[in-house]
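Since the structure comes first, as structure tokens, the remarks are kept for the end.
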Amino acid sequence: MTDQEAMYEAIAEAHAAEAEGEVPVGAIVLLDGQIIGRGNNRVIRDNDPTAHAEIVAMRNAAQHLHNYRLTGCTLVVTLEPCAMCAGAILHARFGRLVYAAADPKAGACGSVLEVMNHPRLNHRVEVVSGIFAEDCSTMLTNFFRARR
């Protein structure tokens, strides 16, 4: 599965979140090109401040593998991860992170903070950004515009 094909799947998860009244962010976890985890924002539905799309997808993938380490996996997400999610990505030992839109308010992969691949941390993740960034950014903008 290409990064673009994977991002389509993450975008589908974002649409599912939006349909439930959640901020439209979606994520998938890949291992050897196969989807092993899916997630979308569930913070409101679950009354859980940690239920970001990335965390939900990681939990799903960890259950699939019966392992908290997601070594060799790729996380594909529609929005740049926040500090909490970036920390979880590092702790899970992901090999790659692919995200669409930068988050100028809370992004922890270079936009606001640089948690991912910080020189004092012991794990490195290949980071690819910008795939369908405009589409994902527009989806978020439209969601928040409709809420105002």
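The values are calculated or read from the model by the stated rules, or taken from the named source; none is laboratory data. Because the structure is predicted, anything quoted here is derived from the model rather than measured. Counting neighbours? That spans all protein chains shown, and the Cβs are built from the backbone with ideal geometry, glycine included. Side chains are part of the model used for accessible areas, which takes the heavy atoms of the whole protein and leaves out ligands, DNA and RNA. Shrake-Rupley method; radii C 1.70, N 1.55, O 1.52, S 1.80 Å.
Summary table below
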quantity: Degrees, to the nearest 10: 3-19 long Cα axis against longest axis of the chain; calculated: 50
quantity: Loop chymotrypsin sites (Phe, Trp or Tyr not before Pro), the stretch 56-128, which have at most 13 other Cβ atoms in a 10 Å radius of their Cβ (DSSP); calculated: Y68
quantity: Gaussian network model of the chain, springs between alpha carbon atoms under 10 Å - residue of N40, N122, N67 with greatest fluctuation; calculated: N122
quantity: Total formal charge among the other residues, if their Cβ is under 12 angstrom from that of R59, Lys/Arg +1 and Asp/Glu -1; calculated: -1
quantity: Potential lengthening between R93 and Y68 on full extension [0.36 nm per residue; Cα-Cα distance subtracted]; calculated: 8.1 nm
quantity: Carbon + sulfur, % of accessible area of the chain - ligands and nucleic acids excluded, 1.4 Å; calculated: 51
quantity: Å² of accessible area per residue within the chain, as computed with a 1.4 Å probe and no ligands counted; calculated: 51
quantity: Where only C-alpha atoms are counted, convex hull volume of the stretch 3-140 per residue in Å³; calculated: 94
quantity: On Cα atoms only, tilt of 53-65 relative to the major axis of the chain in degrees; calculated: 40
quantity: Nearest 10 degrees, 0 to 90: helix 83-92 Cα axis against the chain principal axis; calculated: 30
quantity: Rounded to the nearest 10 Å², the accessible area of M84 at probe 1.4 Å; calculated: 70
quantity: Gaussian network model of the chain, Cα within-10 Å springs - most flexible of I55, I44, I35; calculated: I44
